[in-house]
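**Student:** Below you'll find the structure I mean.
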């Protein structure tokens, strides 16, 4: 199964990266677990599974100081049921509430997803209806990636957060009128290397 291959690859990669994080300009290594395709409107979900999400957060380079120093990140998402996977990167802002251990986070980036982008033609009515009921039609492989999170420092170099995640092409990355997108809700754990 393709998702199993992704998982094995990223677990091996994470072990290598973890060992050299302090020398690689890495600020955090993260692992997230999210419920895939959460329908906020109450409609039944069309896709299933848990998204396993390794993420690397880099130290903010000086060139981004004019943007209030966001952190670049790379992320991958591997679905446990073989549904939509994605990978990409962007910038994130993580800020504490005053001097407390609590913080908020906002991520914005672009990812490539491997799910469905188009429906079959109307002449294939049965297959078209099956897909509409059981799969998300994204309209484009390229998607905007947005995350809003709330978290807390749990130990000297560790923190945890709950997060809401949204993927959509926003009629910008594609002109296709199909733009169903997907929402995921989960929890992630971070190992920090900046000793903050």
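**Student:** Over all alpha-carbon pairs in segment 2-192, figure out the percentage whose distance exceeds 26 Å.
**Tutor:** Details: 6357 of 18145 pairs.
That tail contains 35 percent of the Cα-Cα pairs.
**Student:** Let me ask something additional. Neighbouring Cβ atoms within 10 Å as the yardstick, rank 40, 150 fewest first.
**Tutor:** Values: 40 9, 150 13.
Arranged by neighbour count, lowest to highest, 40, 150 become 40, 150.
**Student:** Based on the Cβ-Cβ distance of residue 102 and residue 135, what FRET efficiency does E = 1/(1 + (r/R0)^6) give at R0 = 30 Å, to the nearest 0.05?
**Tutor:** With a Förster radius of 30 Å, E is 0.20.
**Student:** When only C-alpha pairs under 8 Å and at least 6 residues apart count, what is the relative contact order of segment 97-196, in percent?
**Tutor:** Numbers: 200 pairs, mean separation 27.5, N = 100.
Result for segment 97-196 is 27 percent.
**Student:** Going by how many other beta carbons lie within 10 Å of each one, how would you line up 38, 111, fewest first?
**Tutor:** Numbers: 38 14, 111 20.
With the sparsest Cβ surroundings first, the list reads 38, 111.
**Student:** Give me the three principal axis extents of segment 98-196 from the C-alpha atoms, as integers in angstrom, largest value leading.
**Tutor:** For segment 98-196, the Cα extents along the three principal axes come out at 61, 25, 21 Å.
**Student:** To continue, here is another question. So if each residue of separation counts as 0.36 nm, and I subtract the Cα-Cα distance between residue 45 and residue 152, what length gain in nm does that give?
**Tutor:** Numbers: separation 107, 0.36 × 107 = 38.52 nm, distance 2.99 nm.
Here the segment from residue 45 to residue 152 would lengthen by 35.5 nm.
**Student:** Among 107, 43, which comes first, then next, by fewest other beta-carbon atoms within 10 Å?
**Tutor:** On the way: 107 23, 43 7.
Exposure proxy ranking, most exposed first: 43, 107.
All of the numbers you see were taken from the coordinates with simple rules; none came from a lab. Here the structure is a predicted model, which is why all the values come from computation and not from measurement. Every residue, glycine among them, receives a Cβ derived from its backbone with ideal geometry; neighbour counts consider all protein chains shown.
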